[in-house]
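Engineer: Sending over a structure as structure tokens; questions will come in a sec.
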Amino acid sequence: MQKRVAVTVNAIETLSKGKRKIYLDNGEQWILYAGELHTYEITEQAMLSEEQYVSIRTQVLGKRAKKRAMYLLERMDRTEQQLRDKLRENAYPEDLIDEAIAYVKRFHYVDDARYADSYIRYRGAHKSKGKLMMELQQKGISRDLAEQVMEPYAQSRDEGCMIQELLQKRHYDAQTASVQEQRRMYAYLMRRGFRSADICREMKCET
């Protein structure tokens with residue numbers, strides 16, 4: 001017969017709004033409400049039976065992680081990595097985060113390809129491909145997926161024309177611009193990820 005394993009509560013930390021952070025001797029950290037501690041008779045140095053341990057993880061934390069994931073996605077679209085990071089901030093165990101991610105993915109509430117496509121369409125009008133790739137990877141989108149989603153847009157993206165549109169929008173005139181204005185515009189375009197050679201060509205000036 002397999003031996004049942006009990007878990008010891010090493011410490012309890014008081015957080016805001018009636019929340020408590022529970023430190024277990026197996027390395028896990030839970031965030032529970034004060035009423036839940038009372039329900040499960042959790043005190044410092046208390047031993048949780050296997051039944052208590054499993055019940056808290058499945059009936060309390062597991063369900064809460066799924067609801068939290070849904071709430072976060074209702075507020076704004078996120079990549080899988082962004083959602084994971086937000087759930088980690090609430091100290092959910094990693095396996096319960098995996099379950100919550102799998103749950104929302106079943107309903108396509110989180111979809112990195114859709115997120116990348118939307119990001120490129122709505123935020124890419126005045127950013128270079130390199131800048132978009134960097135930003136997508138910072139948000140947890142893999143380079144391969146970002147390249148795949150970017151491909152249909154690549155042929156229609158003339159970065160020289162994009163630079164010209166930005167120059168016109170900011171009323172830049174190469175004939176009358178001072179050296180200081182040239183430097184400001186050059187820095188502005190560099191921040192959007194355009195290549196130095198392309199910027200200099202379109203601005204018709206030296207940097």
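The values are calculated or read from the model by the stated rules, or taken from the named source; none is laboratory data. Everything numeric in this text was worked out from a predicted model, so none of it was measured. For neighbour counting, all protein chains shown are included, and Cβ atoms are generated from backbone atoms with ideal geometry for every residue, glycine included.
Engineer: So, in the stretch 9-26, how many residues would count as being in a strand (DSSP E or B) and more than 18 Å from Tyr53 (Cα to Cα)?
Structural biologist: 3
Engineer: Quick check on my filter: what residues within the stretch 102-119 are surrounded by fewer than 19 Cβ atoms within 10 Å (Cβ to Cβ) and either within 30 Å of Glu159 (Cα to Cα) or not aromatic (Phe, Trp, Tyr) (or both)?
Structural biologist: Passing the criteria: Ala102, Lys105, Arg106, His108, Asp111, Ala113, Arg114, Asp117, Ser118.
Engineer: Separate question: Determine which single condition Tyr122 fails, assuming it passes every other condition in (1) modelled with pLDDT of 80 or more; (2) closer than 20 Å to Met76 by Cβ; (3) surrounded by 11 or more Cβ atoms within 10 Å (Cβ to Cβ).
Structural biologist: Unmet condition: (3).
Engineer: Among (1) part of a helix (DSSP H, G or I); (2) hydrophobic (A, V, I, L, M, F, W, C); (3) farther than 26 Å from Met70 by Cβ, there is one condition Ala125 misses while meeting the rest; what is its number?
Structural biologist: (1) is the only condition that Ala125 fails.
To keep it simple, each residue is scored yes or no on (1) assigned by TED's automatic domain parsing to the domain that holds Arg78; (2) within 31 Å of the chain's Cα centre (by Cα); (3) of a type in the set (Val, Ile, Thr).
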| position | (1), (2), (3) |
| --- | --- |
| Asp117 | no, yes, no |
| Ile120 | no, yes, yes |
| Glu135 | no, yes, no |
| Tyr172 | no, no, no |
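Engineer: From the list Glu74, Glu41, Glu36, pick out the single residue that is in contact with a helix residue (DSSP H, G or I) (Cβ under 9 Å, 6 or more places away or on another chain) and surrounded by fewer than 13 Cβ atoms within 10 Å (Cβ to Cβ).
Structural biologist: Glu41
Engineer: Taking Lys131 as the residue in question, decide whether it is buried (at least 17 other Cβ atoms within 10 Å of the Cβ), at pLDDT 80 or above, closer than 30 Å to Leu87 by Cβ and not aliphatic (A, V, I, L, M).
Structural biologist: yes
Engineer: Among the residues in the stretch 145-159, are any outside any helix (DSSP H, G or I), crowded, with 16+ Cβ neighbours inside 10 Å and under 15 Å from the mean Cα position of the chain (by Cα)?
Structural biologist: no
Engineer: I've got another one for you. Quick one: is Ala102 closer than 20 Å to Ser142 by Cβ, without any contact (Cβ under 8 Å) to a residue 24 or more places away in the chain and aliphatic (A, V, I, L, M)?
Structural biologist: Spelling it out, Ala102 is indeed closer than 20 Å to Ser142 by Cβ, without any contact (Cβ under 8 Å) to a residue 24 or more places away in the chain and aliphatic (A, V, I, L, M).
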